[in-house]
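J.: Below you'll find the structure I mean.
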Amino acid sequence: MKETNGKNYNVDSFNLDHTKVKAPYVRKAAVKTGPKGDLVSKFDIRFCQPNVEFMPIAGIHTLEHLIAEYIREEIDGIIDFSPMGCRTGFYLTVFEDLEESFIAEKMLSVLEKVAVWNKPIPGTDPKECGNYKEHDLEAAKTWASKWVSGIKEKGYQC
């Protein structure tokens with residue numbers, strides 16, 4: 001684990017020097033082996049430059065609905081896709097030890113679709129979502145576009 005400020009925390013992201021990373025990116029945050037031998041990988045899917053910008057709640061909520069639904073068409077073994085509390089990105093948890101470049105390619109495919117989304121947002125009925133009224137498709141499309149263009153500028157080097 002990387003240390004910051006001479007400390008070593010139990011939470012991986014607390015050990016990341018957030019002043020040195022350059023968003024957007026995909027970072028393999030951890031690979032764990034479960035009690036039955038299953039490998040589980042956790043990825044940091046960063047949209048915003050930490051401590052510089054953050055996504056609005058309604059936009060991140062809409063991104064979460066769209067990506068969580070459609071990333072499962074791209075990658076088998078998805079365990080979870082969830083927003084970071086700091087609102088600068090998401091965590092993607094999957095079975096297997098997958099490469100960052102593979103995850104970036106699949107995220108790119110999904111986010112290119114989100115950037116031009118013109119259909120209803122999935123899971124926005126009160127029976128399907130605990131906060132169904134708080135969505136912002138335009139913000140989600142804007143952040144998806146920013147991630148796509150930023151990743152393409154990096155030449156998929158995440």
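J.: With a/c under 1.5 counting as rounded, go ahead and sort the stretch 36-77 into rounded, prolate or oblate using the C-alpha gyration tensor (a ≥ b ≥ c being the square roots of the eigenvalues; past the cut-off, prolate if a/b is larger than b/c, else oblate). Could the numbers behind the result be given before it?
T.: Working: a/c = 3.23, a/b = 1.57, b/c = 2.06.
Here the stretch 36-77 falls in the oblate category.
J.: Straight-line reach from Lys133: which lysines have a Cα under 30 Å away, not including same-chain ones fewer than 8 places off?
T.: List returned: Lys42, Lys106, Lys113, Lys119, Lys141, Lys146.
J.: Kindly report, to the nearest 10 Å², the accessible surface of Tyr132 as traced by a 1.4 Å probe over protein heavy atoms only.
T.: Approximately 90 Å² of Tyr132 is accessible to the 1.4 Å probe.
J.: For the stretch 24-125, what percent of Cα pairs sit more than 17 Å apart?
T.: Taking all Cα-Cα pairs of the stretch 24-125, the fraction more than 17 Å apart is 52 percent.
J.: Looking at the square roots a ≥ b ≥ c of the eigenvalues of the Cα gyration tensor of the stretch 112-158, which shape do they give, rounded for a/c under 1.5, prolate if a/b is larger than b/c, or oblate?
T.: prolate
J.: How far apart, in nanometres, would the label points at Val21 and Glu69 be if each is projected 7 angstrom from Cα along the Cα-to-Cβ direction?
T.: 2.7 nm
J.: Working from Cα positions, state the angle (0 to 90°, nearest 10) between the long axis of helix 137-153 and the longest principal axis of the chain.
T.: In the chain, helix 137-153 runs at an angle near 40 degrees to the longest axis.
J.: Relative contact order of the chain, please, whole-number percent, based on alpha carbon pairs below 8 angstrom and at least 6 residues apart.
T.: On the way: 260 pairs, mean separation 38.4, N = 158.
Relative contact order here is 24 percent.
J.: Quote the accessible area belonging to Lys152 in square angstrom, nearest 10, computed with a 1.4 Å probe and with ligands, DNA and RNA left uncounted.
T.: For Lys152, the solvent-accessible surface is approximately 100 Å².
J.: Through the Karplus equation 6.51 cos²θ - 1.76 cosθ + 1.60, θ set to phi - 60°, convert the phi angles of the stretch 90-104 into ³J(HN,Hα) values in whole Hz; use x for Gly and Pro.
T.: 9, 10, 10, 10, 9, 6, 5, 9, 8, 7, 4, 5, 5, 5, 4
J.: On full extension of the chain, what length is gained from Val116 through Leu39, given 0.36 nm per residue of separation minus the C-alpha to C-alpha distance?
T.: Working: separation 77, 0.36 × 77 = 27.72 nm, distance 3.44 nm.
My answer for the length gained is 24.3 nm.
J.: Could you rank Cys129, Cys86 by how accessible they are, 1.4 Å probe, largest area first?
T.: Of Cys129, Cys86, the descending order of accessible area is Cys86, Cys129.
J.: Counting Lys and Arg as +1 and Asp and Glu as -1, each charge on the Cβ, what is the dipole of the chain about the Cα centre in debye, to the nearest 20?
T.: Magnitude of the dipole: close to 400 debye.
J.: What whole-number value in Å² describes the accessible area per residue of the chain for a 1.4 Å probe?
T.: Computed with neighbouring chains in place, this is 56 Å² per residue.
J.: If you don't mind, another one. Relative to the longest principal axis of the C-alpha atoms of the chain, give the angle of the C-alpha long axis of helix 57-70, reported between 0 and 90° and rounded to the nearest 10°.
T.: Computed tilt is about 90 degrees.
J.: Can you give me the % of accessible surface on the stretch 41-158 that is carbon or sulfur? Probe 1.4 Å, all protein chains present, nothing else counted.
T.: About 49 percent, which is the carbon plus sulfur part of the accessible surface.
J.: Now a separate question. What is the list of residues in the stretch 84-121 whose amide nitrogen lies under 16 Å from a point 7 angstrom out from the Cα of Ser145, following Cα to Cβ?
T.: 111-119
The values are calculated or read from the model by the stated rules, or taken from the named source; none is laboratory data. Quick caveat, the model's predicted, so the values are computed rather than measured. Cβ coordinates were reconstructed from backbone atoms using ideal geometry, including for glycine residues, and neighbour counts include every protein chain displayed. In case anyone asks, the SASA skips ligands and DNA or RNA and just uses the protein heavy atoms, side chains included. Shrake-Rupley method; radii C 1.70, N 1.55, O 1.52, S 1.80 Å.
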